[in-house]
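Engineer: If you scroll down you'll find the structure; I have some questions about it.
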Amino acid sequence: MRYSGCFPAHSCMLPALDNAPAESFRRDARVIGVIGLAHAVSHFLQLALPPLFPLLRAQFDVSWTLLGVVASTFYVASGVVQFCAGFAVDRAGARPVLLGGLALLACGTLAAALVPSPVWLFACALIMGAGNGVFHPSDFAVLNANVAQRRLGHAYSMHGVGGNLGFAIAPIVSYGIGAAFGFRIALLAMGGVGLVVLGLLASQRRILVSHRASDAHSTTQMRSVALFLQPAIVLCLFYFIFQTSALIGLQTFLPSVLATGFNVPLVLSTSIVTAYLLGGTAGIVIGGFLAARAARHDRVAAGGLLIGAMLVMTVAASLVPQALMMPVFVAVGLAVGATGPSRDLIVRNATPRGAAGRVYGFVYSGLDIGSMLGPVWFGMMLDHGLAREVLLVIGALLVIAIATVVQVRRSAALRPA
């Protein structure tokens with residue numbers, strides 16, 4: 001983009017992303033629905049392999065460690081591609097990036113159904129992770145370019161709800177079909193779903209448009225690095241890393257933590273995780289209304305994380321009886337889930353026009369970094385018998401995330417993209 005020089009950066013505020021024109025509610029709802037479906041399928045296929053690990057272990061006689069490395073391979077590829085996809089969105093637009101990513105994710109899932117040995121799972125995980133990496137920069141670029149500002153909070157809310165529903169449905173479908181017909185049939189079925197949705201999205205090509213940088217092809221590497229090093233953008237990245245590390249710990253290890261550290265029966269502890277995820281989904285819906293009305297999104301995000309951190313630490317301190325653990329973790333899910341739409345608006349407000357792809361790709365790669373780091377750290381803690389301490393660390397990470405999000409608003413002066 002060309003800017004009329006105004007330096008240093010803090011001497012004049014460059015405008016954040018332009019607001020989309022005030023289109024009809026029907027068109028906005030259509031855009032939100034299409035992008036919500038794309039996000040749901042990305043999360044659905046993201047959990048295609050992990051629920052099948054017990055079956056894969058029995059089939060190929062491999063260790064849990066090897067299967068864990070397969071999962072990490074997915075997130076490494078996703079994080080790298082998510083960063084690069086941002087540049088592609090700014091240059092070519094969101095549509096080809098989004099459709100190409102879904103094609104890779106679906107085809108990688110289908111290929112995993114045909115592997116003759118476990119070594120090939122790594123190649124499939126790379127393909128699937130590469131496809132998964134395009135969704136956040138593409139999705140948000142489309143929403144920002146098409147949905148009226150007054151509906152953006154609800155748009156981000158439905159985007160998050162779609163992802164949560166994809167996560168919730170995937171294990172049931174993947175393991176259910178796998179247990180009945182084998183892991184190959186399960187992966188073929190899930191990959192087939194991805195191809196069907198790819199066809200549906202391709203039929204909606206006209207609404208999958210986004211803002212492009214007017215000088216995207218001349219954007220230099222140094223200018224992009226300068227964009228990423230803006231304090232507000234860096235703080236957003238660390239917010240995602242800390243928050244995701246904490247939440248992936250809850251999602252992945254809460255059953256083991258409650259069973260080993262608090263003597264909660266495994267059946268109940270697993271149900272508590274399901275209740276927590278459902279609470280998170282409800283929280284995202286509530287967060288959409290909060291984001292639509294709030295003037296200070298940083299306060300919404302900080303308040304929700306603080307409530308979640310306090311509740312988790314209360315459980316860690318053994319102040320919550322077993323009978324109340326389920327409603328407490330539902331409340332944790334509600335509180336943290338409600339921060340999602342405001343969090344996404346915070347990133348939007350720190351993003352200059354023409355840089356949506358790059359900024360969202362860079363910032364949301366924090367999701368993949370947190371997903372890689374959290375399980376390793378918490379797994380090591382559990383191996384050393386530190387179950388209660390896992391909850392303390394999760395609470396501390398949420399508090400640190402509060403510190404980053406509060407500082408974003410104070411550092412939001414933008415430099416040229």
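The values are calculated or read from the model by the stated rules, or taken from the named source; none is laboratory data. Computed from a predicted model, the values in this text were never measured in an experiment. Cβ placement follows ideal geometry from the backbone for every residue including glycine, while neighbour counts extend to all protein chains displayed. Just the protein is used for accessible areas: all its heavy atoms, side chains included, with ligands, DNA and RNA removed. Shrake-Rupley method; radii C 1.70, N 1.55, O 1.52, S 1.80 Å.
Engineer: Filter the stretch 334-354 for residues that are within 14 Å of the chain's Cα centre (by Cα) and of a type in the set (D, E, K, R); which is most open to solvent (accessible area, probe 1.4 Å)?
Structural biologist: So the residue we want is Arg343.
Engineer: Could you check Ile172 against (1) touching a residue at least 40 places away in the same chain (Cβ under 8 Å); (2) within 28 Å of Ala338 (Cα to Cα) and say which number it fails?
Structural biologist: (1)
Engineer: Of the residues Leu201, Leu152, Leu195, only one is in contact with a helix residue (DSSP H, G or I) (Cβ under 7 Å, 6 or more places away or on another chain) and open to solvent by 20 Å² or more (accessible area, probe 1.4 Å); which?
Structural biologist: Just a single option satisfies the conditions, and that option is Leu195.
Engineer: Give the residues of the stretch 2-28 that are part of a helix (DSSP H, G or I) and either at pLDDT 90 or above or over 19 Å from Val161 (Cα atoms) (or both), sorted by residue number.
Structural biologist: Ala9, His10, Ser11, Phe25, Arg26, Arg27, listed by residue number.
Engineer: Which numbered condition in (1) at pLDDT below 85; (2) open to solvent by less than 50 Å² (accessible area, probe 1.4 Å); (3) assigned to a loop (DSSP other than H, G, I, E, B) is the only one that Gly357 fails?
Structural biologist: (3)
Engineer: Could you count how many residues in the stretch 233-254 are crowded, with 19+ Cβ neighbours inside 10 Å and more than 23 Å from Tyr156 (Cα to Cα)?
Structural biologist: Summing the residues that are crowded, with 19+ Cβ neighbours inside 10 Å and more than 23 Å from Tyr156 (Cα to Cα) in the stretch 233-254 gives 3.
Engineer: Also, quick follow-up: Of everything in the stretch 40-62, what is small (Gly, Ala, Ser) and part of a loop (DSSP other than H, G, I, E, B)? Give them in sequence order.
Structural biologist: Correct list: Ala48 only.
Engineer: Right, next: So which residues in the stretch 329-345 are among the hydrophobic types (A, V, I, L, M, F, W, C) and outside any helix (DSSP H, G or I)?
Structural biologist: Of everything in the stretch 329-345, just one residue is among the hydrophobic types (A, V, I, L, M, F, W, C) and outside any helix (DSSP H, G or I), namely Ala338.
Per-residue answers, yes or no, for (1) within 23 Å of Val359 (Cβ to Cβ); (2) among the aliphatic types (A, V, I, L, M); (3) modelled with pLDDT of 85 or more; (4) open to solvent by less than 10 Å² (accessible area, probe 1.4 Å):
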site: Val69; (1), (2), (3), (4): no, yes, no, no
site: Val80; (1), (2), (3), (4): yes, yes, yes, no
site: Leu102; (1), (2), (3), (4): yes, yes, yes, yes
site: Ile127; (1), (2), (3), (4): no, yes, yes, no
site: Gly163; (1), (2), (3), (4): yes, no, yes, yes
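Engineer: Still on this structure: Please go through (1) open to solvent by 70 Å² or more (accessible area, probe 1.4 Å); (2) without any contact (Cβ under 8 Å) to a residue 60 or more places away in the chain; (3) within 21 Å of the chain's Cα centre (by Cα) for Ala331 and return the number of the only condition it doesn't satisfy.
Structural biologist: Checking Ala331 against (1) open to solvent by 70 Å² or more (accessible area, probe 1.4 Å); (2) without any contact (Cβ under 8 Å) to a residue 60 or more places away in the chain; (3) within 21 Å of the chain's Cα centre (by Cα), the one that fails is (1).
Engineer: Another question, then. Where residues in the stretch 310-328 are more than 17 Å from Leu268 (Cβ to Cβ), part of a helix (DSSP H, G or I) and not hydroxyl-bearing (Ser, Thr, Tyr), which of them is farthest from the chain's Cα centre (by Cα)? Spell out the reasoning first.
Structural biologist: Kept after step one, since they are more than 17 Å from Leu268 (Cβ to Cβ), are these residues of the stretch 310-328: 310-314, 316-317, 319.
Checking which are part of a helix (DSSP H, G or I) leaves us with 310-314, 316.
Next cut, not hydroxyl-bearing (Ser, Thr, Tyr) only: 310-313, 316.
Numbers: Met310: 23, Leu311: 23, Val312: 21, Met313: 24, Ala316: 26 Å.
Restricting to residues being more than 17 Å from Leu268 (Cβ to Cβ), part of a helix (DSSP H, G or I) and not hydroxyl-bearing (Ser, Thr, Tyr), the top hit is Ala316.
Engineer: Still on this structure: Considering Ile394, Ile307, Ile369, which residue is under 19 Å from the mean Cα position of the chain (by Cα), under 30 Å from Asn144 (Cβ atoms), β-branched (Val, Ile, Thr) and part of a helix (DSSP H, G or I)?
Structural biologist: Ile369
Engineer: Right, next: Only one of these conditions is not met by Ser269: (1) polar (S, T, N, Q); (2) open to solvent by less than 10 Å² (accessible area, probe 1.4 Å); (3) at pLDDT 85 or above. Which number is it?
Structural biologist: The number of the failed condition is (3).
Conditions (1) out of contact with any strand residue (DSSP E or B) (no Cβ under 8 Å at 6 or more places or on another chain); (2) surrounded by fewer than 15 Cβ atoms within 10 Å (Cβ to Cβ); (3) touching a residue at least 12 places away in the same chain (Cβ under 8 Å), marked per residue:
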{"site": "Leu311", "(1), (2), (3)": "yes, no, yes"}
{"site": "Leu319", "(1), (2), (3)": "yes, yes, no"}
{"site": "Gln322", "(1), (2), (3)": "yes, yes, yes"}
{"site": "Met326", "(1), (2), (3)": "yes, no, yes"}
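Engineer: Same structure, new question: Would you confirm, using the coordinates I've provided, whether His159 is under 25 Å from Pro341 (Cα atoms) and open to solvent by less than 10 Å² (accessible area, probe 1.4 Å)?
Structural biologist: Numbers: under 25 Å from Pro341 (Cα atoms): yes; open to solvent by less than 10 Å² (accessible area, probe 1.4 Å): yes.
Criteria met by His159.
Engineer: So, in the stretch 104-117, how many residues would count as being within 21 Å of the chain's Cα centre (by Cα) and open to solvent by less than 30 Å² (accessible area, probe 1.4 Å)?
Structural biologist: The number of residues fulfilling the criteria is 4.
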